[in-house]
Amino acid sequence: MTTLRKASSNAARRSEASRQAILTAAFDLVNEVGYAKLSIEGIAARAGVGKQTIYRWWPSKGMVLFDAFLMLGEGSDGEAVLPDTGDLEADLKAVLRATVAELNDPRYDEPMRALNTEIMHDPALAAAYAERLDGPMKELKRQRLRDAQRAGQLADDLDLDVAVEMLWGPLLNRWLQRGGPLTSEYADAVVETALNGLRPRR
């Protein structure tokens, strides 16, 4: 039994090491060659595994890249939460500024653009993205706004889904379409406009 346990443990470690190597290779390669030239064969060669090993775990290069993104957050400590200092405007500005910094990071620009493009064409990848990343993140955002509602900082009848889209949507849209500079000042303006409304102040 001891021998069996050791063999099983060694196999699990080898599998995890292979998984990490594959995901790291995919992330590095998409930055080097672009998503159009990224291939399962190239990922396998960089990771030092057979391509059948990749196909055993992932159905497409898009799913490999998606898991590579998820891997980036695996080492973070604790459960993800949005800041709640009691100052909703300041908290939202801090979060959107962090989003701007991430979108502007050259290490993530090409992989994130590739992933967004692939999601539009791959229903299975879109469903996985919604279930494993986008959905949970949206719920974190809704929860922060829900807490602000309870504190009397937002209207009781506010549609939280629309509010989330109003706050984060402009950043993603400007980034995807390269429609203008993506700056901290722009993030602040989005928050102020969303919270203060478009009507003239009386």
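We did not get these values from a lab; they are worked out from the coordinates using the rules stated. Remember, it's a predicted structure, so these values are computed and weren't measured experimentally. FYI the Cβ positions are ideal-geometry reconstructions off the backbone, even for glycines, and counts take in every protein chain you see.
Counting only alpha carbon atoms, the long axis of helix 160-177 and the longest principal axis of the chain meet at about 60°.
Rounded, prolate or oblate: which fits region 155-202 when a ≥ b ≥ c are the square roots of the eigenvalues of the alpha-carbon gyration tensor, with rounded for a/c under 1.5 and prolate only if a/b beats b/c? Judged from the Cα gyration tensor, region 155-202 comes out oblate (a/c at least 1.5, b/c at or above a/b). When Lys and Arg each count +1 and Asp and Glu each count -1, what net charge do the other residues less than 13 Å away from PHE66, Cβ to Cβ, add up to? Here the count lands on -3. Ranked by how many other Cβ atoms sit within 10 Å of their own Cβ, fewest first, the residues VAL164, VAL33, VAL81 fall in the order VAL81, VAL33, VAL164. Extension gain for the segment GLN177 to ASP157, taken as residue separation times 0.36 nm less the Cα-Cα distance, is 4.0 nm to one decimal. Within the listed set ARG14, ARG142, ARG97, the residue fluctuating most in the Gaussian network model of the chain (springs between alpha-carbon atoms under 10 angstrom) is ARG14.
Stokes-Einstein diffusion of region 52-141 at 4 °C, 1.567 mPa s viscosity, Kirkwood radius from Cα pairs, rounded to a whole number: 87 µm²/s. The residues LEU171, LEU29, when put in order of fewest to most other Cβ atoms within 10 Å, stand as LEU171, LEU29. The C-alpha atoms of the chain define a longest principal axis, and helix 106-121 lies at about 90 degrees to it. Note on the chain: helix-only mean residue ellipticity at 222 nm, from DSSP H runs of 4+ residues weighted -39500 (n - 2.57) and normalised by residue number, equals -23500 deg cm²/dmol.
Distance from the C-alpha centroid of region 30-54 to that of region 105-164: 29 Å, rounded to the whole angstrom. If you take all other residues with their beta carbon under 14 Å from the beta carbon of ASP159, and give Lys and Arg +1 and Asp and Glu -1, the sum is 0. With K and R counted +1 and D and E -1, the other residues having a Cβ less than 15 Å from that of LEU145 yield a net charge of -4.
Calculate how steeply helix 61-72 sits against the longest principal axis of the alpha-carbon atoms of the chain, using the helix alpha-carbon long axis, and give the answer as 0 to 90 degrees to the nearest 10. The helix 61-72 is inclined about 70 degrees to the chain.
Converting the Cα gyration tensor eigenvalues of the chain into ellipsoid dimensions via √(5λ) gives semi-axes, longest first, of 39, 21, 14 Å. Entry note, region 88-196: relative contact order of 41 percent, from Cα contacts under 8 Å with a spacing of 6+ residues. When you restrict to C-alpha pairs under 8 Å that are six or more residues apart and normalise by the size of the chain, the relative contact order lands at 20 percent.
On a per residue basis, the convex hull of the C-alpha atoms belonging to region 88-196 measures out at 105 Å³.
Cβ crowding within 10 Å ranks ILE40, ILE54 as ILE40, ILE54, fewest other Cβ atoms first.
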